[in-house]
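Chemist: Input: one structure, supplied below.
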Amino acid sequence: MPLTKSKGNMYPWVTHTHSHLAGKCPHECSYCYVQAMAERYPVMKERYGGPIRLIESELAVKYGSGKTIFIEHCNDLFAADVPDILIGRILAHCDEYPENTYVFQTKNPNRIIEYKYRLPQYKIIGTTIETNRWFESKAPCTDSRYINFRDLMREVQGQYFVTIEPIMDFDFSVLSAWMIYTRPSFVNIGADSKGSGLPEPSWEKVSALIEALKAAGIEIRQKSNLERLRN
């Protein structure tokens with residue numbers, strides 16, 4: 001069973017993706033592209049509908065070496081509703097192939113601390129912070145993500161990133177301070193590609209945020225879809 005090569009507009013620095021989990025992500029974000037695809041395609045609905053579960057055959061996928069693999073790109077491995085035993089088995093699969101770099105992105109960064117001694121040696125850990133403002137979601141609120149992510153960075157060695165995508169309208173002084181105080185290795189910034197009707201910031205505000213973070217020495221990895229806000 002082959003490993004999936006990364007494609008599309010996700011992260012150019014990721015070489016491959018792999019998902020062991022089936023079921024609907026517990027966070028149920030309104031802009032989720034996976035659930036949008038599940039509504040259109042029966043095969044996606046079958047895989048990414050219903051309760052969280054492990055697809056046993058995915059544990060047989062051979063990772064080889066020298067890759068950067070985004071684990072659970074269609075779900076959140078560390079969501080509160082994911083059973084510990086599933087997390088443990090997925091991390092054990094990664095351990096079988098230690099000569100790769102593994103990407104873990106979660107909206108529940110506090111839970112990763114519980115697994116700090118079980119994570120692969122080579123890893124890149126990220127969280128999503130779309131805005132500093134409240135919006136309807138079953139994921140932890142963004143201010144708790146910010147606090148817990150800072151705690152995680154102190155607890156676990158590794159490379160860290162924050163994704164501000166899809167970027168929503170925000171308070172410049174707050175969101176810029178969160179990023180500067182956190183000081184991740186890099187920040188991804190992108191816009192809503194799915195027409196989800198989200199409240200979006202002006203290009204002037206986005207540009208000011210980018211320049212402030214660059215001035216603080218933070219690398220910005222800007223998505224091409226952000227250009228829509230310029231127009």
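The values are calculated or read from the model by the stated rules, or taken from the named source; none is laboratory data. Computed from a predicted structure; not experimentally measured. So basically every Cβ, Gly included, is an ideal-geometry build from the backbone, and we count neighbours across all protein chains shown.
Chemist: If you check every pair at least six apart or on different chains, which have Cβ atoms under 9 Å apart with a residue in segment 10-22 that is over 23 Å from Val187 (Cβ atoms) first and a residue that is in a strand (DSSP E or B) and of a type in the set (A, V, I, L, M) second?
Modeler: What qualifies is His18/Ile69; His18/Ile71; Ser19/Ile71; His20/Leu54; His20/Ile71; Leu21/Leu54; Ala22/Leu54.
Chemist: Hey, among the residues in segment 131-146 that are crowded, with 18+ Cβ neighbours inside 10 Å and in contact (Cβ under 8 Å) with a residue 40 or more places away in the chain, which one's farthest from the chain's Cα centre (by Cα)? Quick ask: steps written out before the conclusion?
Modeler: Keep residues of segment 131-146 that are crowded, with 18+ Cβ neighbours inside 10 Å, which gives 131-132, 139-140, 142, 145-146.
Restricting the remaining residues to those that are in contact (Cβ under 8 Å) with a residue 40 or more places away in the chain gives 131-132, 139.
Numbers: Thr131: 14, Asn132: 17, Ala139: 12 Å.
Selected residue: Asn132.
Chemist: So is Ile167 of a type outside the set (Phe, Trp, Tyr), surrounded by 21 or more Cβ atoms within 10 Å (Cβ to Cβ) and in contact (Cβ under 8 Å) with a residue 40 or more places away in the chain or not?
Modeler: yes
Chemist: Restricting to segment 91-117, name every residue that is of a type in the set (D, E, K, R) and modelled with pLDDT of 95 or more.
Modeler: Asp95, Glu96, Glu99, Lys107, Arg111
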